[in-house]
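In what follows, a structure is listed as structure tokens, so that the remarks can point back to it.
The values are calculated or read from the model by the stated rules, or taken from the named source; none is laboratory data. The model shown is predicted, which means the values in this text are computed figures rather than measured ones. Glycine also receives a Cβ, built like all others from the backbone with ideal geometry; neighbour counts cover every protein chain displayed. Just the protein is used for accessible areas: all its heavy atoms, side chains included, with ligands, DNA and RNA removed. Shrake-Rupley method; radii C 1.70, N 1.55, O 1.52, S 1.80 Å.
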Amino acid sequence: MNFARRNLLASVLATPALALAQSRWAPDKPVSFLAPFSPGGAFDVTQRALARAVEPAIGQPIAVVNRTGAAGTIMLNELARARPDGHILGLLSVNTNAVAPQLQALSFDPVNDFTPLMNYGSFLTFVTVAASSSFGSLKELIAFARREPGKLTIGVSGIGANSHLNMARLAAEEGVEVTFVPFPGGAPATTALLGGHVMCAVVAGEVLPSVRDGTLRLLSLLNADKSEEFPNVPTMPELGYSWASRPWIGMGGPKNLPDVIANRWSEELLAATRNETFLNAMRNLAIVPVRLGPAEMRSMMAESLAEHERVARTIRIGRFAPR
């Protein structure tokens, strides 16, 4: 076989492998995961655990960059404007993409201006008080708010957080007036409760270390799902309410992220959710693993946005408040 024929044969044999290599995108520089809330909260902790779990497969270091403020929409605005090259992704959630849009006007579409990649969890939301609090139940908390209008202070992880909207829904349904105290995340809200600066905090699993050591106490869950670790804490349906919080959390990129990039990230991020260190972080924060791909996540985002608009419109809050 002459030299020219050998080169032609080698080229033909290499073509499938070369095509596969070219179709499997990989980042060529460090990656940023944008985070909407402050360090130490449930979202931040699990996003960092996910970043560490996916780094080996993606082949680049991943920095989690906190862009807090405006109920997480400062981060969303930055993500929406990012170059769609796969090097900047961000956390998408019910808080940022479904609740916050009901409370403020946004310069972007909370569903269509993003590329959903994967949903990785559903978080429990706890109504929490200090262990020394006189409130023994959610019913007692509401009774106090009814007796003392406006005096019940409730710490939430931002005006526009899922906790805020659902507690506002509860207050409206019960006909009571409460005072919401916003923080840039669940961890600062928990710290404020520990310091006695608020009477109650409605946050996710960041409260659990203080519950486990006996400093804080759980009154109820805003969800329909039970907590495996705290099975005696009642859910909204168990307390007689016809509704419950339906939270979600996942990862996404800017609009127009090419399919080859989006598919690689979706594949690797979903695989990383089976990492044991990541799963331990989820368990510690009472976040239920949920694995949805891009198409399912986009449908869920649209449904969640519509659902929370109905709630905000009904209780006349945020954009729908009387002028």
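Some points to look at:
- Dividing the convex hull volume of the alpha-carbon atoms in the stretch 46-89 by its residue count gives 68 Å³ per residue.
- Rg/Rh ratio calculated on Cα atoms of the stretch 45-166 (Kirkwood radius): 1.07
- The sum of -39500 (n - 2.57) across all DSSP H runs of n ≥ 4, divided by the residue count of the chain, sets its helix-only mean residue ellipticity at 222 nm to -13000 deg cm²/dmol.
- By average C-beta atoms within 10 angstrom, highest first, the peptides 68-81, 304-317: 68-81, 304-317
- In loop segments of the stretch 189-235 as defined by DSSP, the GluC sites (Glu not before Pro) with at most 16 further C-beta atoms inside 10 Å of their C-beta are GLU228, GLU229.
- Neighbour net charge for VAL64 - beta-carbon separation under 15 angstrom, K R +1, D E -1: 0
- For the chain: relative contact order, % (alpha-carbon pairs under 8 angstrom, 6 or more apart): 27 percent
- Partners of LYS226 within straight-line reach, counting aspartates and glutamates whose Cα lies under 19 Å from its Cα and excluding those fewer than 8 residues away in the same chain: GLU206, GLU238.
- Which label in [x] 16.6; [y] 21.7; [z] 18.7 gives the computed mean projected area of the Cα convex hull in nm²: [z]
- All lysines inside 22 Å of LYS29 as judged from Cα atoms, apart from same-chain residues fewer than 8 positions distant: LYS255
- Considering all C-alpha pairs of the stretch 211-270, those separated by over 14 Å amount to 68%.
- Carbon-plus-sulfur accessible fraction, the stretch 208-323 (probe radius 1.4 Å, protein heavy atoms only): 50%.
- Computed P(r) (all Cα pairs; the stretch 158-260; 5 Å bins; percent): 2, 11, 19, 22, 19, 13, 5, 4, 3, 2, 0
- Helix screen, the chain: DSSP H segments with Cα axial length of 20 Å or more and mean Kyte-Doolittle hydropathy at least 0.0 are 3-23, 42-58.
- Here LYS151 is the anchor, and the lysines within straight C-alpha reach of less than 25 Å, apart from those fewer than 8 places off in the same chain, are LYS139.
- Share of carbon and sulfur in the accessible heavy-atom surface of the stretch 81-151 [1.4 Å probe, %]: 50 percent
- Average accessible surface for the chain: 44 Å² per residue, computed with a 1.4 Å probe over protein heavy atoms with every protein chain in place.
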